[in-house]
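Contents: one structure, followed by commentary.
The values are calculated or read from the model by the stated rules, or taken from the named source; none is laboratory data. Owing to the predicted nature of the structure, the values given are computational and were not obtained by experimental measurement. Backbone-built Cβ (ideal geometry, glycine too); neighbour counts: all protein chains shown. Keep in mind that these areas ignore ligands, DNA and RNA; they rest on the heavy atoms of the full protein, side chains included. Shrake-Rupley method; radii C 1.70, N 1.55, O 1.52, S 1.80 Å.
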Amino acid sequence: QVQLVESGGGLVQPGGSLRLSCAASRSIFTIPNMAWYRQAPGKQREQVALITSGGITVYADSVKGRFTISRDNAKNTVYLQMDSLKSEDTAVYYCSAPAYASWGQGTQVTVSS
């Protein structure tokens, strides 16, 4: 079991950047995959990015080239760097450790002028 806590959300203008953090309650070194999901109002939750224990990354087409997922095993933290943000990126962003069916509480990201 692992508890996850997201932070870093907020209000940003289109074209701006945010970095989300996901702090885990224990070592993530042995957790095979860590992922970020998002859910916009009235839409299904979707996977945004995933990183394996070996550092391989996978991105949704909608964020490819703009978002970067990374993990710092020493700090038990996963990050999501979001650049060139668009209004359609507005959503609640969740961190997940799929192998443990663990989810954070979510952090709101709002992209608006």
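With respect to the stated conditions, Thr77 fails to be out of contact with any Asp or Glu (no Cβ under 9 Å at 6 or more places or on another chain), touching a residue at least 40 places away in the same chain (Cβ under 8 Å), farther than 21 Å from Gln1 by Cα and open to solvent by less than 50 Å² (accessible area, probe 1.4 Å).
Considering only segment 36-113, give the strands (runs of 3 or more DSSP E) lying wholly within it that have at least 2 residues that are charged (D, E, K, R). Break it down into steps so the answer makes sense when it comes.
Numbers: elements: 46-52, 57-59, 67-72, 77-82, 91-97, 107-111.
Result: 67-72.
Would you pick out the residues in segment 80-96 that are more than 16 Å from Ser7 (Cβ to Cβ) and open to solvent by 20 Å² or more (accessible area, probe 1.4 Å)? Of everything in segment 80-96, those that are more than 16 Å from Ser7 (Cβ to Cβ) and open to solvent by 20 Å² or more (accessible area, probe 1.4 Å) turn out to be Asp83, Ser84, Lys86, Ser87, Glu88, Thr90. Residues that are modelled with pLDDT of 95 or more and open to solvent by 70 Å² or more (accessible area, probe 1.4 Å): does segment 20-40 have at least one? No, because not a single residue in segment 20-40 is modelled with pLDDT of 95 or more and open to solvent by 70 Å² or more (accessible area, probe 1.4 Å).
Which one of these is at pLDDT 95 or above and within 14 Å of Glu6 (Cα to Cα): Gly106, Gly65?
Numbers: Gly65 fails: within 14 Å of Glu6 (Cα to Cα).
None of the other options fit; the residue is Gly106.
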